[in-house]
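Below you'll find the structure, written out as structure tokens, and then a few comments.
The values are calculated or read from the model by the stated rules, or taken from the named source; none is laboratory data. Just so it is clear, the model here is predicted, and its values are computed rather than measured. All Cβ positions, even for glycine, are placed from backbone atoms using ideal geometry, and neighbour counts span all protein chains on display. The area values use the complete protein model at the heavy-atom level, side chains included, leaving out ligands, DNA and RNA. Shrake-Rupley method; radii C 1.70, N 1.55, O 1.52, S 1.80 Å.
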Amino acid sequence: MTIPEMTSVAKPSKLLFNTQGNESAALIEGIDWSKSVLGPIETWPQTLHLTLAMLLNAALPIALFWGKDYILFYNDAARFLDNGKHPASLGKKGQEVFEEQWLQHKRRLDHVLTTGETLWFEDQPMPRKGKGSSLEVIYGSFSYSAVYNENGERVAVLVAGMDTTHKVTSLRKLEESDRNFRNLVEQAPIGIAILRGENFEFELANEFYRTIFGARESLVGRPILEVMPSHKEGTINPLLQRVRETGVAFHGKESIITNTFGIETKRYTNFVYEPLRESDGTINRILVLVTDVSEQVRSIQTAQLAEKELRQMADAMPHLVWIATADGTVTFISDRVAEFSGATRRADGTWRWEGMVHPEDAEATQRQWQFCLEHGTMYEKEHRLMMIDGSYRWHISRAFALKNSDGKISKWFGTATNIDDQKRLSEELEIRVSERTKELQSSNNELAQFAYVASHDLQEPLRKIITFIELLQREVPAMAEKPKGYLTKIEQSALRMSTLIKDILNFSQLGKTGNSFAATNLNETINTIMGDLEVLIQQKGATIHCEPLPIVEAIPQQMNQLFYNLLSNSLKFTAAGVAPVVHITARELQRKDVLKYTELNPTLRYFQIQFRDNGIGFNQKFADQIFTIFQRLNNRQSYSGTGIGLALCKKIAINHNGLIRASSVENEGATFHVILPVTQPQ
């Protein structure tokens, strides 16, 4: 086998011959062997010729360290030894070639050359130059053996070896894979163990397995019955034996573990005994997988107990209780179902209840139930159910959906409550209320008609009284002061009577139909009122501040009455010598403000209009009393009025689905709060 040439000009020139005189190999011409340590090839010892002939033809990596200077020869398979210095390394002293590694090589070579003992080194790392200038490490196994000449003298050391890089890297990958596997097993969230041999000794048991069985130390190498004596009389060994003999895995469900390793405990486990076959097909090991399902089992037991208690409670309730699946299939009806007729139980344990419902109510009931099933809304329906005696009695059926964390319906819980007595009583009450309402409406109509007629009939004699008083005062100008005073008092009483009759008439007509709602600009309303009260405003020297007011849906005439009474009230109740100042403001209420008033509809928008004055005010404890008809807080001599004006304001606010409130401090003025919706509810 020829040593490969490293340059294009190198060619074989010198030949080596074997003992038969035949060509055996060639050396590279680029080396001047005549100037080497050994001199020209022709002078080399025959032993060297023979050894080189054998070395150069070998397929395995072989190197020859000749003589005491350890001159290096090697074949093509061993060229990796020279760290990229080929062919210059050939015929050089070993120390010149190996440099840093020489001391280690020399110790081995000296030992073999001195003692003749053969040395063997397995899977040795060897750095060598890779591509470019980088270093890489390969591995090899080598033998160091002595070379003898014809006189039996040790003249060289032959180093033969093989490249074991692939073997070493494969073993390391296998070890790493084994470590990864063991780490994976150790960290697995289930119990894993491997049992080996006839005594089922632990070859492996991870932490989770040891935790489940309460083991505080390693189990490896110990038979299972030694470390778990509580299983000695049990079935664990026969099961393992059967798996090993048959090769069929065994699966256990919710097995109970108690008193393991001296620890009193109770766990539920699912486990698997899986046979592991060797390369020859025999079974010597068993893989054990254990899952702790204690929490799940206890949760199921708790749920079963709760369901049992629920059924017992349902049977004890005075209602018909039922449970249905998400699709509406009734799976449970309490024992009170025996009181009804038409409910039938199917072979699979579910119930058919449609036959219980009165034929006239069946379609509406089914339609309502189907809607709730599709939308998950609460089910509530009044219908008639057939009793065991064939009669129908009114019941109210209700059901709500139980949903899981994803918002999906898991089941329905429902009840049916007998409301037959209440239903019949309610129907009777409705009939009575209807009759009484008609009677009351008739009475109200008659009363309103009477008030209207009475007010007109009363106005006529009052007008005549006032007229005759005026005539008397003109006809008898020189009337004595005392009779004249009597006439004045009669006239004032008649005028008050006339005003009172008009106010009563207005108050009674507020509830009459015929007044229609319309978009009402409150700015125009207040301007009209200020025009009507212009003379009084000038007489009082009053100042009116009015901010922009909203447009609301209202009865214009009633808004006129409302604002007239409130503004005139502020101008009337003033302190002596103090000019009235009235502030009229408006703001839209926020939703949180609307919710403070139970009388208001939270779905509507509302405005609050305030009339704030600097008058005499009143004690806040009378805030509700002032809105009661004929209620007065002041005497007639100081402040005129009939006690109807604010009662009229309250009735107008209520007619508009609003409200009115008052707040005040004596001698510090009063504020009237009117709250009106922007639009009326439909």
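Which of the residues belonging to region 631-670 are open to solvent by 30 Å² or more (accessible area, probe 1.4 Å), at pLDDT 85 or above and aliphatic (A, V, I, L, M)?
Within region 631-670, Ile654, Val665 meet the criteria.
Of all the residues that make up region 89-104, how many are assigned to a helix (DSSP H, G or I), under 18 Å from Ala146 (Cα atoms) and either of a type in the set (A, V, I, L, M, F, W, C) or open to solvent by 40 Å² or more (accessible area, probe 1.4 Å) (or both)?
Residues flagged as assigned to a helix (DSSP H, G or I), under 18 Å from Ala146 (Cα atoms) and either of a type in the set (A, V, I, L, M, F, W, C) or open to solvent by 40 Å² or more (accessible area, probe 1.4 Å) (or both) within region 89-104 amount to 1.
If the requirement is being among the aliphatic types (A, V, I, L, M) and closer than 14 Å to Gly414 by Cβ, which of these qualifies: Met387, Met356?
Met356
I'd like the full set of residues that are modelled with pLDDT of 90 or more, open to solvent by 30 Å² or more (accessible area, probe 1.4 Å) and in contact with an Asp or Glu (Cβ under 9 Å, 6 or more places away or on another chain), limited to region 539-586.
Val581, His583, Thr585
Those residues that are exposed (fewer than 11 other Cβ atoms within 10 Å of the Cβ) and part of a helix (DSSP H, G or I), I need them from region 368-416; list them, please.
Result: Glu374, His375.
Could you list, in sequence order, the residues of region 155-166 that are open to solvent by less than 80 Å² (accessible area, probe 1.4 Å) and either basic (Lys, Arg) or over 30 Å from Asp69 (Cβ atoms) (or both)?
Scanning region 155-166 gives a single hit, Thr165.
Just the residues that are open to solvent by 30 Å² or more (accessible area, probe 1.4 Å) and without any contact (Cβ under 8 Å) to a residue 40 or more places away in the chain, please, taken from region 589-602.
Within region 589-602, Gln590, Arg591, Lys592, Leu595, Lys596, Thr598, Pro602 meet the criteria.
Kindly list, by first and then second residue, each pair from a residue in region 523-538 that is touching a residue at least 60 places away in the same chain (Cβ under 8 Å) to a residue that is open to solvent by 40 Å² or more (accessible area, probe 1.4 Å) and not in a helix (DSSP H, G or I), limited to pairs with Cβ atoms under 6 Å and residues at least 6 apart or on different chains.
none
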